[in-house]
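The values are calculated or read from the model by the stated rules, or taken from the named source; none is laboratory data. Predicted model, so just to flag it, every value in this text is computed and none were measured. Backbone-built Cβ (ideal geometry, glycine too); neighbour counts: all protein chains shown. Surface accessibility is based on the protein's heavy atoms, side chains included, excluding ligands, DNA and RNA. Shrake-Rupley method; radii C 1.70, N 1.55, O 1.52, S 1.80 Å.
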Amino acid sequence: MDDPSPLTKTLYLTGLDCPRKMWYEAYRPTTPDQGARWRMEEGKEVNQVARDRSPEGEFIGGPDRQSALAKTDQALREANRPLFEPAFLHNGMLVRADVLRPVSSGGWILTEVKSTTSIEKEEKQDVAFQKHVLEGSGLDLERVEVMHLNSDYRHPDNGNLFENTDLTGELGKYREEVREKAPPLAGLLQQPDPPEQVLIRECKGCDYQDRCWDLPEQSVFTLPGLHWRNTDTLLEENRVTLDEVEGHGVLKSHHEDYIEAVREENPHVNEEGIREALGDLEYPLHFLDFEAIGKALPWLEGTKPWQQIPFQYSLHVLDRDGRLEHFDYLHDGEGDPRIGVMEGLAEEIEDTGSVIAYHTSFEERCLKTIRDAFPRHEETVQSIIDRLWDQRDIFSDWHYIHPEQKGSTSLKEMLPALTDTGYEDLGVQEGMEAVIAYEEMTDPSTSQSRRKELREQLLRYCKRDTKAMVEIHWALRNIAG
């Protein structure tokens, strides 16, 4: 075992759900995926903007913990300027505060900077842990607050980018939680081995699952649409395999249908339900998919933090006679990507016919962003919104249940369950990868050859999404008769 790890706020939040995962994160961490790394960079940018608002402040942090602790001690004695990432170590618990500001009374204000636009339970647990450690280190905290992005802000200067939420009087139960749970969690990090494994709902999709369990391919975690409370019930009764959960009172009919489909190795099909759903469609059919980027710090006029900006679309149009056409657009220059998206859709989507998307809430948000940004095209864009039809509903309404979907109704699970097509041959295979590829493609420092490569990858990926919906439509139509 390496030198004992202190309990940080990140490890504390993990430990509240799973102490074993916390131990692995401290000593045997996995490499964050691309999406996690991208979100961390967004958070760093927000923190830097927050610091820039106090140019007189001093940055204390750094990789050397002992040096940061010593610099913090010296800066606290001077107490004459804001401190960025000062370090505090108390009973095996380590905090590096985002911002610590002195006040005239002799106390301090602790400010946690978040790239979110709202304050949830996790943010309060985070701040409560910091308050516990700082006060345990002898600091007099007059106020604790979260400085987060303001959802009412519009770029470039309409309103305040940040909003400060005072949590000083709202941390009672979270302070009690810290006092009760933080010391034993810190103690676990002094042990050479991870704590005993306990199967809990958070094990589903956990990066460390293979270090704890050898679960069967089909289990309680692959039951489609099982509420987390019912997952807890089954796990508390030590029911894990499908044989063990079958017939349990918390299961609904579609869960039993899934178990039967797995046992028989054949999909469960409600032909009448599929037929009725498809009967709502009107030709020509427009299969539409967007790729969009939402950054913490908005860069387009009139946009807000994390607003999704569509930069690409793919569109397959299927006529009643079976003729299929493909159109697409990918913004790769300066300016507002929504202009090219809007102009293309206005030309290529006909005035009649259903507009099919997979999980339409995302496409609807993108379309509303375009509609609100360009009021003169409101009628055209609203017509597209009004004709949206969600292909995913057939699967979330359980008209088709396949044993290979493993509890998911996502496009990337349902496509291979219904067809021979997948995404394995693509350079970009999911939405977050598309965002990262787009940022690299539009970066001025990226070479022309690399830009061309990324452009081709993005076009192929988005086209695959809409062609996937076409193939699923054909498969469902064949099933329905």
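Which order do Cys366, Cys206 take when ranked by solvent-accessible area (1.4 Å probe, heavy atoms of all protein chains), largest first?
In descending accessible area the options line up as Cys206, Cys366.
Show which lysines lie in cross-link reach of Lys452 when reach means a straight Cα distance below 27 angstrom and same-chain residues fewer than eight apart are skipped.
Excluding near neighbours in sequence, the set is Lys295, Lys412, Lys463, Lys467.
Based on a Kirkwood Rh over C-alpha pairs, give the Stokes-Einstein translational diffusion coefficient of the range 280-329 at 37 °C and viscosity 0.692 mPa s in µm²/s.
It diffuses with D of about 254 µm²/s by this estimate.
Once you wrap a convex hull around the alpha carbon atoms of the range 1-105, what is its projected area averaged over all directions, in nm²?
Its average projected convex-hull area is 8.4 nm².
Roughly how many debye, to the nearest 20, is the charge dipole of the range 203-297 about its Cα centre, given +1 on each Lys and Arg Cβ, -1 on each Asp and Glu Cβ, and no other charges?
Using Cβ point charges on Lys, Arg, Asp and Glu, the range 203-297 gives about 480 debye.
What is the log10 of I(q)/I(0) for the range 204-318, computed with the Debye formula using one identical point scatterer on each Cα and no solvent, at q = 0.11, 0.18 Å⁻¹?
Evaluating at q = 0.11, 0.18 Å⁻¹ gives log10 I(q)/I(0) of -0.71, -0.94.
Write down Rg/Rh for the range 196-246, rounded to two decimals, with Rg from the C-alpha atoms and Rh from the Kirkwood relation over Cα pairs.
Details: Rg = 10.3 Å, Rh = 11.2 Å.
Reported Rg/Rh (Cα atoms, Kirkwood Rh): 0.92.
Classify the range 143-271 as rounded, prolate or oblate, taking a ≥ b ≥ c as the square roots of the eigenvalues of its Cα gyration tensor: rounded when a/c is under 1.5, otherwise prolate if a/b is larger than b/c and oblate if not.
oblate
From the residues Gly273, Pro403, Leu110, which one has its Cα farthest along the dipole of the chain in the positive direction, the dipole being from +1 and -1 charges on Cβ of Lys/Arg and Asp/Glu about the Cα centre?
Leu110
Mind grabbing the accessible area of Asp166 for me, 1.4 Å probe, Å², rounded to tens?
The accessible area of Asp166 comes to roughly 70 Å².
In the chain, if every C-alpha pair distance is counted and binned at 10 Å from zero, what percent goes to each bin?
Percent of Cα pairs in each bin: 4, 16, 22, 23, 21, 11, 3, 0, 0.
Of Val198, Leu226, Phe162, which is farthest on the positive side of the dipole of the chain, counting Cα position, with +1 on Lys and Arg Cβ, -1 on Asp and Glu Cβ, and the Cα centre as origin?
Phe162
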